[in-house]
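Shown next, in structure tokens, is the structure this report addresses.
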Amino acid sequence: MKKILVTYASNAGSTAKIAQAVAAELAKTAEVDILPLEKATALEGYSAVVLGAPMILGWHRGALAFLKRNQDSLSRVPLAIFVTCMSLTKTDETSLEGVPLFVDEKLPKPPKNSGRLSFRENYTTLKKYLMPILKAAPAVKPVSIGVFGGSLQYFNLQWWAAIFALLIVQAQPGDKRNWKAIEAWASGLFKE
Ligand SMILES: Cc1cc2nc3c(=O)[nH]c(=O)nc-3n(C[C@H](O)[C@H](O)[C@H](O)COP(=O)(O)O)c2cc1C
């Protein structure tokens, strides 16, 4: 039986819940360990890995560091990445650098003027979010990147985080997690 590691970073908890849903789906056909990043110190023995983290001033720093640190091991097993966020500008990519993308269809919003994106629209595109992830570990080629809505509550943020999320990302508070999309993505992973 396959043994899969699902590891995640989560500041406010919403990405952790998504990781649990991914792990539950994978556990229908494989043995699955689910660990927060700081506990995922040994990658030997896994036949596939899922790494998930939110957009927090770029993709979560801890997740980028994990990817860089474990580049060698992660280039030898199938790796699926997922990203959570609150704002996504609708563009038409279905892959990036040859990596297939799975985007929760409820998440992207069309730009006001597709010929000229505003600062916020440009900041929240798939390319802006995902290229730094792919560049962080060039030896790693994920089998898929899932992009899902997360959850944001302003009352539990520090003031600078709230200002950033309000002004730059213009994210509305709320819960955008689409469990059907998350399960659909997870159920299609690591089939070969
Ligand atoms: C400081 C900060 C920066 C954020 N930056 C972005 C961003 O660039 N794009 C976006 O869509 N969402 C952004 N978000 C929203 C988070 O990605 C979203 O709330 C996510 O679900 C948080 O995951 P967590 O609950 O696991 O921490 C930001 C949130 C915070 C607090």
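Summary table below
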read-out: Heavy-atom surface of the chain, accessible at 1.4 Å and reported per residue (Å²); value: 53
read-out: In order through the stretch 72-82: 3J(HN,Hα) via Karplus (6.51 cos²θ - 1.76 cosθ + 1.60), integer Hz, x for Gly, Pro; value: 4, 4, 6, 7, 9, 10, x, 10, 10, 10, 10
read-out: Rounded percent of accessible protein surface that carbon and sulfur make up, the chain, 1.4 Å probe; value: 54
read-out: Dipole in debye (nearest 20) - the stretch 111-171, about Cα centre, beta carbon charges: Lys, Arg +1; Asp, Glu -1; value: 240
read-out: Size of charge dipole - the chain - debye, nearest 20, with Cβ of Lys, Arg +1 and Asp, Glu -1, no other charges; value: 400
read-out: Distance histogram for the chain (every C-alpha pair counted, 5 angstrom bins, percent rounded to whole numbers); value: 1, 8, 17, 21, 21, 16, 9, 5, 2, 0, 0
read-out: Entries in Lys90/Lys176; Lys2/Lys68; Lys3/Lys191; Lys3/Lys28 that, when Cα-Cα distance is taken, lie over 19 Å; value: Lys2/Lys68
read-out: DSSP-defined beta bridges in the stretch 3-187 - what % are antiparallel, rounded to 5; value: 15
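The values are calculated or read from the model by the stated rules, or taken from the named source; none is laboratory data. Here the structure is a predicted model, which is why all the values come from computation and not from measurement. Glycine also receives a Cβ, built like all others from the backbone with ideal geometry; neighbour counts cover every protein chain displayed. All accessible areas refer to the heavy atoms of the entire protein, side chains included, with ligands and DNA or RNA removed. Shrake-Rupley method; radii C 1.70, N 1.55, O 1.52, S 1.80 Å.
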